[in-house]
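Working notes, structure below.
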Amino acid sequence: MTAADEPRGAPPTHVAADGMHAISAETRATVDVVLDYARRRAVYEDIPLDKPLTPRDLSRLASNSITASGIGARRATALFENVLAPACVTTDHPGYLSFIPSAPTKAAIAFDLVVSASSVYGGSWMEGSGAVYAENEVLHWLAAEFGLPHGAGGVFMQGGTIGNLSALVTARDAARRRNHEAGRPDPARWAVLCSAEAHSSIKSAAAVMDVDVIGAAPDEDGRLRGPAVERALEENAGAVFAVVATGGTTNFGIIDDIASVAAATKARDVWLHVDGAYGLAAMLVERMRADFAGVELADSLIVDPHKWLFAPFDACALIYRDPAGARLAHTQTAEYLDTLTETADWNPSDLGIQLTRRARGLPLWFSLATHGTDLYRAAIDHGITIARQIADEITAREGLSLVREPQLSVVVFRREGWTAADYQSWSDRLLEDQVAFVVPSSHRGETVLRFAIISPLTTLETLTAILDTLT
Ligand SMILES: Cc1ncc(COP(=O)(O)O)c(C=O)c1O
């Protein structure tokens, strides 16, 4: 038989099936090469900001890495280190201030490697009890901080979008069951109610669920309050299965008046979900607790460790007041899963939209266990403090003005007289010069600038140096 006659994809006879898995000099060397690079990368003193390349540049610099016999760990690592990694903006750079930055602790970054090295299955107690136990320690600590009752519990999901979707699916399921038990018909269309300032993921979840989104008007200060929710619930009686209050909006860091929203939902037996993906971490800071009053009444909530809890991508802590409802909504059943579902074990997969899951809460667990909670409170406090300070600096500078006073660690401001194109070219130049990554945002049609501060390595000096470039 000639090579041309061989079936496509058939391995050459000299290639061993276990060549990638067996413990050998070669596989050990591969692990060493990768871990050496990871160690270097994790503790760079002068972390580079880096920037995207065009598809054309990348295909010139990085194509043809996939070959029949492999290019080897050394070359593949070098390709990543020298070409691919510099084409990714470093989201934990102190000058990364766009969207919601990340700033994982060194402990969390390092332990993320352990999660991979251990091949932990985080979906079921049977397979991952140790990991699930540790994740639950974190979830119970968070639930207690937010004032949820004993018995509250949840799961680390991929991100806030999936966390919100999973919570809303649980909420609708609960509403359907209540209707069924009461002999009431379901509405022609279900709806979720939220403020116009709510995150785009709520609309996305509604689209996936084929439900409507009813916008309740926030007050002039951007906060959603009970009376607006009450009015909207009256007008849409029976259709709304959940109200979403936001604990720190993405664009401004505004915290809805959760207590009055909760009062409106409790009066009508409607599910209250708090989207605290970005901001709820601030409740760990004592002086901020009052701003979140009412969170303790939530039926479900989320907070993303990959945002302000200093964990690597990607993790969302989804917590239910009573996880039993989530289990009813989400548990997958099949003959091959009977051994898992016919027990009373705590199976994280049953609480959201997923089956196989990485134990993605472990990096946060390890870092919390290592450092203790006080350092977390201090690191979060830093962001709130310097947001306040840079807001004062903006107010004091000629030609700059705040769009709103910051409530958390997002500062939105304008440069008088600039067009959208001015903002964009300034932002492009800032990245080109490797100073900072600050993309323009917009508010009510006006282009604005926005600092989102997460990293404790972002200092007032970092921010004032950026203001100095706005001439
Ligand atoms: C308030 C809020 N909710 C939800 C999300 C979505 O989270 P993720 O990007 O992790 O899906 C974000 C993201 O920034 C957010 O700020």
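Observations, loosely collected:
- Think of it as helices only: each DSSP H run of n ≥ 4 in the chain is worth -39500 (n - 2.57), and spread over all residues that comes to -12500 deg cm²/dmol at 222 nm.
- Residues whose amide H lies under 5 Å from that of Q332, counting only those 5 or more places away or on a different chain, are absent; hydrogens are built 1.01 Å from N in the peptide plane.
- Translational diffusion of region 284-421, estimated by Stokes-Einstein from the Kirkwood radius over alpha carbon pairs at 4 °C in a medium of 1.567 mPa s, is 69 µm² per second.
- Restricting the calculation to Cα atoms, region 108-259 shows an Rg/Rh of 1.03 when the hydrodynamic-style radius is the Kirkwood one.
- Counting all C-alpha pairs of the chain, share separated by more than 37 Å (%): 35
- Put in line by how crowded their Cβ is, counting other Cβ atoms within 10 Å and starting with the fewest, M209, M20, M157, M288 read M20, M209, M288, M157.
- Three-way shape call for region 181-322 based on the alpha-carbon gyration tensor, with the a/c threshold at 1.5: prolate
- Global form of region 192-237, assessed from the alpha-carbon gyration tensor, a/c cut-off 1.5: oblate
- Proximal charge balance of E461 [Cβ under 14 Å; K/R count +1, D/E count -1]: -2
- Taken as Cα centroids, region 248-276 and region 102-153 sit 26 Å apart, rounded to the nearest whole angstrom.
- Diagonalising the gyration tensor over the Cα atoms of region 281-343 and scaling each eigenvalue by 5 before taking the square root yields semi-axes of 32, 16, 7 Å, largest first.
- Residues whose amide H falls under 5 Å from that of I214, counting only those 5 or more places apart or on a different chain, are V192, L193, C194, with hydrogens built in the peptide plane.
- Per-residue packing, averaged as other Cβ atoms within 10 Å, sorts the ranges 83-93, 161-171, 267-277 into the order 161-171, 267-277, 83-93, beginning with the highest.
- HN-Hα J in Hz across region 302-307 - Karplus 6.51, -1.76, 1.60, θ = phi - 60°, x for Gly and Pro: 10, 9, 9, x, 6, 9
- Panel order for R60, R321, R404, by other beta carbons found within 10 Å of each beta carbon, from fewest to most: R60, R404, R321.
- Region 421-440-region 13-78 distance, computed between alpha-carbon centres (Å): 31
- With a cut-off of 18 Å on the backbone N, the residues of region 227-252 near the modelled label site 7 Å out from H443 along Cα-Cβ are 246-252.
- Cα gyration tensor, region 260-300 - rounded (a/c under 1.5), prolate or oblate: prolate
All of the numbers you see were taken from the coordinates with simple rules; none came from a lab. Just so we're clear, the structure is a prediction, and the values are computed from it rather than from any experiment. Note that each Cβ is placed from the backbone with ideal geometry, even for glycine, and that neighbours are counted across all protein chains shown.
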